[in-house]
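A short write-up of the structure that comes next.
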Amino acid sequence: MANIPPNKSRTVYVNGEYVSETEAKISIFDRGFLFADGVYEVSSVLRGQLVDNAAHMARLERSLHALQMRAPATAQDITAAMKRLIRENKLDEGLIYLQVTRGVADRDFGFPASDVPSTLVMFPQSKSLIKSPTAETGIKVIFMEDIRWGRRDIKTIQLLAPVLAKQAAAEAGKQDAWLVQDGYITEGSSNNAYIVKDGKIITRQLSNSILHGITRRAVIDLADILHMHVIERAFTPDEARQADEAFITSASTFVFPVVEIDGEKIGDGTPGRIAPRLREIYIKNALENLE
Ligand code: PDD
């Protein structure tokens, strides 16, 4: 696969410029750096093309609007820049990370003057998405209290809670954490969470409590087409432990089976039937609709 060779400097995007990652510079007064006053998107790339990127652009617009942040460029121009980054880096398979912050100004909590331009940064990251050993084995998750703020529907760059959750999972010898609030699972630390019981797929309904995953939307639509029964409702840690199957979705994993939750084997402790089937159909559909 013609991925970015390790040790070779990537070309990254900073405010309209395409520069080597070793040359790229952001001010220490950038509000993303000082206040986590910014939003981001992660789009996947297969065969040198974007997956479901129009939906990522729509969510970016929504995040920016929710925070009264000005768009750094049109969705069309951002997409064109993403495509140029893919070309210049010869990225075959992986991710494009995109971040918009409320620009550079002296440290002051309130918004800066309205003429301060937002900062737009993008970089590619090579990753094998289709062939994934983790997709074959599945992941193990622990539970963690969901200590994030109340607007998880906005994809902000303030990710300390997920950083701590992933670290706690790693220290427990597991791959991720499912976050729990008021007795119900919200989502994974960087993905949406699903269980399967008696053939029904259950995942939390959309609200401010979870990120409205782009992969979630696509997978639910595909499950509908396959006449799988999807129920959008909150589920409890007990339901999760007793599930027949479980899985997660995100742009960086597509669909990964979950084979252990809080120390309990799910099913027989191997990926079940539904998650691998959804993964297969998701990838097939993505490849047929590259942007
Ligand atoms: N994470 N929930 C959370 C909290 C997330 O951070 C993500 C994505 C998702 C899945 O959303 P989508 O299907 O649109 O990727 C759900 C990205 C991949 C990340 O932070 O790397």
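Of the residues making up the range 134-142, not a single one is touching a residue at least 60 places away in the same chain (Cβ under 8 Å) and in contact with a Ser or Thr (Cβ under 6 Å, 6 or more places away or on another chain). The numbered conditions (1) surrounded by fewer than 14 Cβ atoms within 10 Å (Cβ to Cβ); (2) within 22 Å of the chain's Cα centre (by Cα); (3) modelled with pLDDT under 95 are all true for Ile4 except (1). Among residues that are of a type in the set (Lys, Arg) and either in contact with a helix residue (DSSP H, G or I) (Cβ under 6 Å, 6 or more places away or on another chain) or surrounded by fewer than 16 Cβ atoms within 10 Å (Cβ to Cβ) (or both), Lys155 is included. Pairs are defined by a Cβ separation below 9 Å, a sequence spacing of at least 6 or placement on different chains, a first member in the range 271-291 that is in the same structural domain as Ile261 (by TED's automatic domain parsing), and a second member that is among the basic types (Lys, Arg) and open to solvent by less than 30 Å² (accessible area, probe 1.4 Å); the pairs so defined are Pro271/Arg279.
Quick grid of which residues meet (1) away from the ligand (no atom under 16 Å from the Cβ); (2) surrounded by 15 or more Cβ atoms within 10 Å (Cβ to Cβ); (3) in a helix (DSSP H, G or I):
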| site | (1), (2), (3) |
| --- | --- |
| Leu34 | yes, yes, yes |
| Ala55 | no, yes, yes |
| Pro72 | yes, yes, no |
| Ala81 | yes, yes, yes |
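When Ser63, Ser114 are checked against the criterion of being assigned by TED's automatic domain parsing to the domain that holds Ile28, outside any strand (DSSP E or B) and modelled with pLDDT under 95, a single residue qualifies: Ser114.
Restricting attention to the range 224-271, which residues are part of a loop (DSSP other than H, G, I, E, B) and open to solvent by less than 30 Å² (accessible area, probe 1.4 Å)? Those that are part of a loop (DSSP other than H, G, I, E, B) and open to solvent by less than 30 Å² (accessible area, probe 1.4 Å): Ala234, Phe235, Ala243, Ala251, Thr253, Ile266, Gly269. Return only the number of the condition from (1) in contact with an Asp or Glu (Cβ under 6 Å, 6 or more places away or on another chain); (2) open to solvent by less than 30 Å² (accessible area, probe 1.4 Å); (3) aliphatic (A, V, I, L, M) that Val104 does not satisfy. Answer for Val104: the failing condition is (2). All of Lys200, Lys166 fail the test of being under 16 Å from Ser250 (Cβ atoms), at pLDDT 95 or above and either among the charged types (D, E, K, R) or not assigned by TED's automatic domain parsing to the domain that holds Gly263 (or both), apart from Lys166. Among residues of the range 173-223 being open to solvent by 30 Å² or more (accessible area, probe 1.4 Å) and part of a helix (DSSP H, G or I), the one that is nearest to the ligand (Cβ to nearest atom) is Arg217.
The values are calculated or read from the model by the stated rules, or taken from the named source; none is laboratory data. Because the structure is predicted, anything quoted here is derived from the model rather than measured. Reconstructed Cβ throughout: ideal geometry from the backbone, glycine too, with neighbour counts over all protein chains shown. These area figures cover heavy atoms from the full protein model, side chains too; ligands, DNA and RNA do not enter into them. Shrake-Rupley method; radii C 1.70, N 1.55, O 1.52, S 1.80 Å.
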